[in-house]
Structures are given as C-alpha cells and as structure tokens.
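S.K.: Below is a structure I'd like to ask you about.
Taken together, the values in this text are just the output of simple stated rules run on the coordinates, not laboratory data. This one's a predicted model, so the numbers in the text were calculated from it and none came from an experiment. A quick note on method: Cβ atoms are made from the backbone with ideal geometry, for glycine too, and the neighbour counts reach across all protein chains shown.
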Amino acid sequence: MKNKLTIFGLVLIAIALTGCADATDIQACIPVGEHTYGFWGGVWHGMIAQFDFIGSLIWDDVSVYARNNNGGWYDFGFILGIGALSSGSTSVAKK
C-alpha cells in the first residue's frame, strides 16, 4: 500500500509541475515560406529517428524532431513512425 501511495504522489507532483509548462506558438518560430511538416513527414521522421539521434550527436545541424511542424498530426505520425520499426518484431513463446 505504501508503494502505491508513493507512486501516486510522484505522479501527482509530475502532473502539477508539467501543468505549468509554457506552450510556444509554432507559427511564430517558422520563417515565412518555410515548409511545414504534417502527418507523413512525422511518420518519416519517426522511422529515421534512431539515425537522426546518432547524427545529432555528431553534427549540430541535425535534429530528431522537426521544429516546423503542424502540431498534433505531425506528433501522431511521429509516434506511429517510431512504433512501426520498434515494436513490429515481437514474438511470443509457445509451450
């Protein structure tokens, strides 16, 4: 019971701290005329995220996540892209 109460308290503190996070309007960050990535761009960026991470450690102009995206649809595609390569090869042992 004590472990459950501790976990609940930590989750409650995490929610309280992240609830104050500031959201920046992405349109203010994107230069006029620059391409905005949507759902399919998010899928592609999710699929190559592992390689982008390695590249970002080596070069300063490589990033894992596109800053000029359209929001929720890009995020959804990004998560699907990561999941497409990472969880497709699971197996279940049969007796």
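S.K.: Between ILE58 and ILE79, how many nm apart are label points set 7 Å from Cα along the C-beta direction?
M.R.: Once both label points are built, they end up 3.1 nm from each other.
S.K.: Okay, next question. What distance in nm lies between label points placed 7 Å from Cα along the C-beta direction at THR36 and GLN50?
M.R.: Result for the modelled spin labels: 3.2 nm.
S.K.: Related question: In sequence order, what are the phi-derived ³J(HN,Hα) couplings for region 44-54 according to the Karplus relation 6.51 cos²θ - 1.76 cosθ + 1.60 with θ = phi - 60°, rounded to whole Hz, with x for glycine and proline?
M.R.: For region 44-54, the Karplus-derived couplings read 5, 5, x, 5, 9, 4, 5, 6, 5, 5, 5 Hz, x marking Gly and Pro.
S.K.: Amide H of ASN69: which non-local residues (sequence gap of 5 or more, or other chain) have their own amide H closer than 5 Å, using H built in the peptide plane?
M.R.: Sorted by chain and number, the residues that satisfy this are TYR37.
S.K.: Points 7 angstrom from Cα along the Cβ direction at ILE7 and ASN68: gap in nanometres?
M.R.: 4.4 nm
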